[in-house]
Structure formats: structure tokens, C-alpha cells
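Input: a single structure, listed below in C-alpha cells.
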Amino acid sequence: MNNSIWVVKLDQAAARLGVESKWSLPNEENRKTYAGLTCAQQEKLGAHVSIISGDAKRPLRTEIVTLDLKTKTVAPIKYESAANLLWPLWSPNGQFIAATVHSGDLDSAVVVELATGRVRLLSSERSVSPHSWQAGSARILATSIDSSGKQWETVSIDLESGSISPLLKGGRPISSVSLPPKIAVVSGDLDGLTIYEGKRSVRLKGEFRELIQWVDESTILAIVSIGSRNRLAIVNTQNGITRSFDTSEFGEINGVCVLGHEGNLSESKGLGPNNE
């Protein structure tokens, strides 16, 4: 299994992706699988890596790492926990990482304080998995399960108190940087997304697998399913049109980060580790 990061440029006019480079991630002596690619700090990427070791007590372990595109190096993040942390999310101020940890049948949210390596477990009676930070780094938006135990529910996590509050129906939320923020969520049956702005909401149909980020006040970068394939997509929230880009040559998309974005997505670079 070979994990790779592809650097691509989205050409909206031609509705295609232009490949700029490819980095095959190191495997070393152990079998490694990278996933959860995201934007870190200082122009680096972040991800978690699963490592199959020779330790009978802990045959599979995970680490949170940074990936430096310029030097082609991978560096582990140091933190005070032996738990397997997954799907890291760097806070906008660069001081924290929110992540998911499996505990029995539940997913729990944890926060890593980068300056000290301290890890806080944010407990809940139901599964909670962080998906994005809100501007200001004071709150985390996460996916949970509602009281029926059957439907996704978006919850808000207060970083200071650790309190978890129900917010909206649906999961995998992303928040715009505008005030008041717009929050987009994926429906539990993956057949559409809903955008909430105050008391107003708009629903768009489509097989959305993942919401990556708000590009501007009317555009969302997402991953959609078309048949058995996943594709990158640009969603225009004003006219409801979703434009997808063929990513079949990359294999499975395990995360995306937009680099160099200054208000024009066609000049940005999307990256994603894949399993070939």
C-alpha cells in the first residue's frame, strides 16, 4: 500500500484538475497508512498515521504528524497520551489540535495543547467526533448522535469549559469566517447538505461525503460521491450548482488542504493522501 500526496490546481473554466506534483510518503520498516490530511501551521500539512508494529500488546498505533511539502519530511507531534488519536484539526490560532479517540463503542473528542503536550478528553454520553473549528479558536463543531441514537447531530464544544451543546441536525459541519457565521452540515443519509444562517436554512441535494471548507461566502469545497468514485467538488450555495472534478487517478481521497488561497479557488492547490 503506497500513500501519496498529490498537489493539484483546480481549473474551474475547464472543469479539470491539473497535477503539479506527487509525493510518495515514507513507509520505512513498518507498514504505515496516512489519513485525515488537513492544513496545519507554518505552511505545513497535518495527518494521522497508523503504524503496524511488532508489539503484541499494541499491534496498531497511531500518531499525529506534520508533513512538510518543501523538505519532504514527516515529523510526529509530541503529546502526553498513549491513546490512538485520529483525524487531527489544527485551531485557527495554531495553539491546539482537536482530534478523535476511540473508546469502546464511542468516539470521543480530545484537545491537544501544543505548547505543553497536554491532552484533554472531552467526555460525552454519546459519540462525538470533531470536524472543524470556528473562527477565534474558542469553539469546535463536531458530529454526534442525537437522543434517538439513529441520526447525526451537530454539537458545539466550548474549548474553555469543555461543555458540549446540541446545535443542528446533520453532521460533518463547517463554519464560515463571517459574522454571524454560516454553518453547513451533511444530512445523515448523505443525500444533501443544509446551510444554516441564523434562523434561515437552505438545503442542496447531492451525495456529499465530506465538507472541506468555505472558500468564500457563497462557495464550499467538498468531496462528493459519483457512482463508486469520490470527487472533489465546488458548491455554489447561491444557485445550488455543484461542479465536480475527476480524481479517479488519485484513488481514495483521505483529506484535502487548500494552500495559497486568496479569494480565488482556481489559483489554489488541493492536496490529498491516497491509497494506491
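Taken together, the values in this text are just the output of simple stated rules run on the coordinates, not laboratory data. Computed from a predicted structure; not experimentally measured. Here the Cβ positions follow ideal geometry from the backbone for every residue, glycine too, while neighbour counts run over all protein chains shown.
For the Cα trace of the stretch 3-275, dividing Rg by the Kirkwood Rh returns an Rg/Rh value of 0.94. Mind giving me the FRET efficiency for Asn239 and Asp105? R0 is 51 Å, r the Cβ-Cβ distance, nearest 0.05 is fine. About 0.75, to the nearest 0.05.
Here the contact order of the stretch 3-275, divided by its residue count and restricted to Cα pairs under 8 Å and six or more residues apart, works out to 15 percent. When both the stretch 202-234 and the stretch 91-139 are represented by their alpha-carbon centers, they are found 24 Å apart. With both labels modelled 7 Å from their Cα along Cα-to-Cβ, the Val7 to Asp158 distance reads 4.3 nm.
Here the extension length gained between Thr73 and Arg126 equals 15.4 nm, from 0.36 nm per residue of separation less the Cα-Cα distance.
Between Ala135 and Ser165, the simple spin-label model (points 7 angstrom out along Cα→Cβ) gives 1.9 nm. Just to be sure I follow: if Rg is taken over the C-alpha atoms of the stretch 43-164 and Rh is the Kirkwood radius over the same atoms, what is Rg/Rh? Answer for the stretch 43-164: 0.98.
On the basis of the beta-carbon distance and an R0 of 22 Å, Asp191 and Asp146 show a calculated FRET efficiency of 0.80. Projecting label points 7 angstrom from Cα along Cα→Cβ for Ser248 and Ser201 puts them 3.6 nm apart.
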